[in-house]
Each structure stands twice: as structure tokens, then as C-alpha cells.
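Here is the structure we will look at.
No value in this document is a laboratory result; all are computed from the given coordinates. Bear in mind the structure is a predicted one, so any value in this text is a computation, not a measurement. Positions of Cβ are generated from backbone atoms using ideal geometry, with glycine treated the same way; all protein chains shown enter the neighbour counts.
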Amino acid sequence: MKQHHSPENISPLSKSRLQTVVNFLNKVEADFAPHEVPTTSRQRCINIVRKQYRI
């Protein structure tokens, strides 16, 4: 079963851990051309998560 934390219900500890993981992923994820960004893993796993969880 997949656990889901909504931005409103995430604990401060979980939010901190999420931010750490997203920052690490950002360091290793490849850059993409601007026209490719909307469909990339960077968009799904970094950009959207940062916006959604305000991190």
C-alpha cells in the first residue's frame, strides 16, 4: 500500500526529510532543455514536489 502525505498533513519531520531527499535528487538529476522540462523526472520529482510542499 502506498502511503500519501498531503501538504496540509505532513509532519515537520517528514517535511524536513522530504526536503533533504529532494535536494539530493536535485544535485544528481540531469538538466533538460526548456521544451523538455514539463515531461521530465525533474519536473515530477523536484519542481512539483517543491511547489506542492513549499520546500
In the range 10-55, the residues that are without any contact (Cβ under 8 Å) to a residue 40 or more places away in the chain and among the aromatic types (Phe, Trp, Tyr): 24, 32
Within the range 23-37, is even one residue surrounded by 12 or more Cβ atoms within 10 Å (Cβ to Cβ), among the aliphatic types (A, V, I, L, M) and in a helix (DSSP H, G or I)? yes
Do you know which of the residues in the range 1-42 that are among the basic types (Lys, Arg) and within 12 Å of the chain's Cα centre (by Cα) is farthest from residue 55 (Cα to Cα)? 42
